[in-house]
Amino acid sequence: MKIGVLALQGDFREHIVAATLAGHSASAIRRESELNEVDALILPGGESTTIALLAKSYNLFQPIRKRIKEGLPVYGSCAGMILLADRIVDGAQGQETFGGIDMTVRRNAFGRQVESFEGEITFNSKLVNGVFIRAPWVESVGKDVQVLSEAAGHPVAVRQGSLLATSFHPELTGDLSIHQYFFDEICR
Ligand code: GLN
């Protein structure tokens, strides 16, 4: 499979490494022509406002929205989760997302309690190491959204059809199980 990683800002290099280690060809996406070549897309962690603004200036914002609507498999971690949310709370003024997952995400939700933390969480009945960095959580989900992990009483990994989002950063841990779930269960 050809996996594209949106490479405008954030930890896209780590996602390229993870996808490559999982046995796929992975490349950085910065143009619409590159987006058109891929079978699946990863939206990295970083800063969701910056990524959205850069996507607009690179003329990628509407093309990504369109491909999401057409059913492209997309996985977003942290800022990537925010970008896949249909609704956000505590967003920057006028902050826009690609959308696709019928959920409300609270930006920087864990921030006020503990800036960043690491802990074991259950994902799809397996234990994984969750790395949370100024992470969002999910406030509420629509009926078609499946919750795959929770932390602090809130969903932190969700799936809707071909879209997957996590509040945490598996790309920073060396544990490939979330990426593998995306490739094997969603992209297949
Ligand atoms: N707080 C960041 C945002 O709003 C996300 C942080 C992250 O990706 N580690 O985009």
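Which of the following residues is free of Cβ contacts under 8 Å to residues at least 24 places away in the same chain and out of contact with any Gly (no Cβ under 9 Å at 6 or more places or on another chain): GLY99, GLY142, GLY174?
On inspection, the qualifying residue turns out to be GLY174.
Table: residues versus (1) under 22 Å from ASP175 (Cβ atoms); (2) in a loop (DSSP other than H, G, I, E, B).
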{"position": "LEU8", "(1), (2)": "no, yes"}
{"position": "GLU14", "(1), (2)": "yes, no"}
{"position": "VAL17", "(1), (2)": "yes, no"}
{"position": "ALA26", "(1), (2)": "yes, no"}
{"position": "GLU34", "(1), (2)": "no, no"}
{"position": "VAL38", "(1), (2)": "no, yes"}
{"position": "LEU41", "(1), (2)": "yes, no"}
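Residues of segment 150-180 being under 13 Å from MET103 (Cβ atoms) and either among the small types (Gly, Ala, Ser) or in a loop (DSSP other than H, G, I, E, B) (or both), which ones?
Within segment 150-180, ALA157, GLY161, ALA165, SER167 qualify.
Just one of (1) surrounded by fewer than 23 Cβ atoms within 10 Å (Cβ to Cβ); (2) of a type in the set (S, T, N, Q); (3) within 14 Å of the ligand (Cβ to nearest atom); (4) within 18 Å of LEU163 (Cα to Cα) trips up SER48, so point out which.
(1)
If the requirement is being near the ligand (Cβ under 9 Å from one of its atoms) and either part of a loop (DSSP other than H, G, I, E, B) or polar (S, T, N, Q) (or both), which of these qualifies: GLN62, GLN95?
Matching residue, one of GLN62, GLN95: GLN95.
Would you mention how many residues in segment 115-132 are open to solvent by 70 Å² or more (accessible area, probe 1.4 Å) and either among the hydrophobic types (A, V, I, L, M, F, W, C) or within 12 Å of the ligand (Cβ to nearest atom) (or both)?
2
Cβ-Cβ under 6 Å, sequence separation 6+ or interchain: first residue in segment 70-89 and under 17 Å from VAL147 (Cα atoms) and acidic (Asp, Glu), partner open to solvent by 10 Å² or more (accessible area, probe 1.4 Å) and not in a helix (DSSP H, G or I). Which pairs?
ASP86/ASP102
The values are calculated or read from the model by the stated rules, or taken from the named source; none is laboratory data. Note that this is a predicted model, so its numbers are computed, not measured. When we count neighbours, we look across all protein chains shown, and the Cβ atoms used for this are built from the backbone with ideal geometry, even at glycine. To get the accessible areas, we keep the full protein, side chains included, count just its heavy atoms, and leave off ligands, DNA and RNA. Shrake-Rupley method; radii C 1.70, N 1.55, O 1.52, S 1.80 Å.
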